[in-house]
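The structure appears right after this line, and notes come after that.
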Amino acid sequence: MKTLLSLKSILPLALLFCATSISANKIISVADFGLKPDSRINAVPFVQKAIDACKKNPGSTLVFPKGRYDFWAQHAIEKEYHETNTYDVNPKILAVLLDEVNDLTIDGNGSEFIMHGRMQPFTLDYCQNVTLKNFTVDWDIPLTAQGTVVESTPDFMEIEIDACRIGSRGIQTFTKEIDGDMATENIIDFNVPKENFVAPAIPWDKPGADGLGDIAKWQSNIAAQGKKKPMYAFLEKAAFETLLSQEKTMKRVASVLLSVTGLTSAEVLALDNINSYQSKHGYPRIIVLDTYATIEDKAGNFTTIKPWNKNVVTLSPAPQLGWTYFKTVPVVKGTDAIQAHGRYAKTTVYSQVNPLLEVTMIEAYVQPALINRASLVFANIANTEWADGKATDEMSDEDKQVRVASASAPPAADNKVSVFGQTFEKETVLAAMKSIGEPTNQNITVANLESKIAALDEDKKVELKQALGIEV
């Protein structure tokens with residue numbers, strides 16, 4: 001997707017009280033400020049310095065030597081704007097801000113400007129006589145999809161929202177708020193080894209953290225077991241920005257930065273530089289995700305969510321975490337309802353006259369599942385233990401007490417279950433689960449049973465304690 005930026009562009013370009021004309025006397029190049037084409041470094045701080053220079057010299061032409069320029073959110077100005085042609089999400093992240101700039105021409109000489117993340121490419125605020133020409137704007141990952149569209153046909157479109165949740169937790173949990181009584185099980189466990197759920201010695205947002213070192217260590221742990229070596233690390237945009245801010249990241253990548261850009265400043269640190277370092281040493285390449293989805297609950301309320309857990313980094317041997325499986329929805333016989341089949345989905349319309357009622361239901365039998373499970377690593381970078389992917393400040397007092405008690409307790413035997421800081425026979429716990437309406441397969445492993453109990457909502461946990469004779 002290449003879009004030529006002009007006055008008729010449909011890109012999110014804020015033109016606030018501006019007029020345009022061509023006026024150019026002094027030539028200023030972004031190269032004068034250390035920015036080179038095709039370097040893949042963050043162009044934002046360099047371009048802003050060049051614009052500040054142009055602002056002092058009305059009538060200037062700001063020139064970009066032809067090539068690719070990458071714009072990242074780091075170091076970008078954030079400012080609130082309410083615009084009619086974009087989503088009203090504030091503050092806006094501004095790749096290039098022209099604020100009260102007059103008599104300026106920006107000439108890209110056929111360059112390509114690549115935006116990383118949800119950025120507004122150009123914002124013109126109270127400007128006069130500004131011309132933008134000779135460049136295209138694109139995104140490394142398009143912003144038009146609210147999920148990952150794996151396949152689209154006239155019959156159906158697959159959007160992987162559940163897959164993001166599974167990919168950052170290793171299990172699938174049906175929440176009471178979204179699924180309610182439609183869920184027949186609370187958890188689907190994909191049998192990832194329990195020891196593959198890890199955490200760093202120092203949370204990534206704390207001084208002394210070494211995110212790249214942690215990723216290398218987790219890769220080494222899997223390889224030492226003779227399993228497929230993880231070669232990719234999936235993480236949310238916020239986690240990547242935390243990684244960029246670590247002093248140890250800069251120290252590790254400094255040599256790569258110096259050879260590519262001639263600089264070793266944090267301002268030029270970007271994903272390509274880090275992945276060059278990772279590839280050089282055989283460490284997992286970083287894949288940055290920026291996931292958004294809008295979901296509707298049964299009450300008709302809409303909520304915007306990030307399906308990928310922002311606290312979790314997932315390591316995998318392949319740049320793919322799993323597959324999504326489909327099954328044809330059967331036709332219901334002996335009904336007056338209208339049933340229309342797509343390839344993997346069915347639409348059913350029920351109508352009645354008195355009282356007037358029409359209900360439309362869309363069904364699909366869909367299930368994402370993980371692959372390479374023995375080699376997957378799920379790391380909670382916001383804690384010093386896995387803690388179900390919760391940050392330290394997200395854990396309840398009960399969670400903390402249970403984990404302290406579990407840590408101090410001796411290892412449980414295969415038929416012993418550690419729950420709420422106490423140990424019970426597995427059969428006793430299974431009977432208690434059944435008594436509170438949570439029947440569980442008799443062959444479930446102790447580890448998976450403990451995980452299932454940990455994922456119960458608070459009301460169910462209280463019921464289970466009572467069923468086990470634990471004082472509430």
Does residue 385 meet the test of being at pLDDT 85 or above and part of a loop (DSSP other than H, G, I, E, B)? yes
Every residue in segment 424-446 that is out of contact with any strand residue (DSSP E or B) (no Cβ under 9 Å at 6 or more places or on another chain) and not β-branched (Val, Ile, Thr), please. 427, 431, 433, 434, 435, 437, 438, 439, 441, 442, 443
Determine whether residue 431 is out of contact with any Phe, Trp or Tyr (no Cβ under 9 Å at 6 or more places or on another chain), under 23 Å from residue 193 (Cα atoms) and not assigned by TED's automatic domain parsing to the domain that holds residue 194. no
Take residue 123 and decide whether it is surrounded by 21 or more Cβ atoms within 10 Å (Cβ to Cβ) and part of a strand (DSSP E or B). yes
Of everything in segment 117-157, what is at pLDDT below 75 and in contact with an Asp or Glu (Cβ under 6 Å, 6 or more places away or on another chain)? Give them in sequence order. 147, 148, 150, 151
Restrict the check to segment 409-429 and report whether at least one residue is modelled with pLDDT under 85, under 36 Å from the mean Cα position of the chain (by Cα) and β-branched (Val, Ile, Thr). no
Unique residue being at pLDDT below 80, assigned to a strand (DSSP E or B) and on the phi < 0 side of the Ramachandran plot when the list is 348, 314, 304: 304
Just checking, how many residues over segment 199-232 are over 22 Å from the mean Cα position of the chain (by Cα) and surrounded by fewer than 20 Cβ atoms within 10 Å (Cβ to Cβ)? 13
Matching residues, segment 435-472, being modelled with pLDDT under 85, part of a helix (DSSP H, G or I) and of a type outside the set (A, V, I, L, M, F, W, C): 448, 450, 451, 452, 458, 459
Taking residue 438, is it within 26 Å of residue 196 (Cβ to Cβ), touching a helix residue (DSSP H, G or I) at 6+ places or on another chain (Cβ under 7 Å) and among the acidic types (Asp, Glu)? yes
Okay, strands (runs of 3 or more DSSP E) sitting entirely in segment 30-103 with 2 or more residues that are surrounded by 15 or more Cβ atoms within 10 Å (Cβ to Cβ) and either modelled with pLDDT of 90 or more or out of contact with any strand residue (DSSP E or B) (no Cβ under 7 Å at 6 or more places or on another chain) (or both), I get 60-63, 68-71, 92-99
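The values are calculated or read from the model by the stated rules, or taken from the named source; none is laboratory data. Keep in mind it's a predicted model, so treat the numbers as computed, not measured. Don't worry about glycine lacking a Cβ; one is built from the backbone with ideal geometry, like all the others, and counts go over all protein chains shown.
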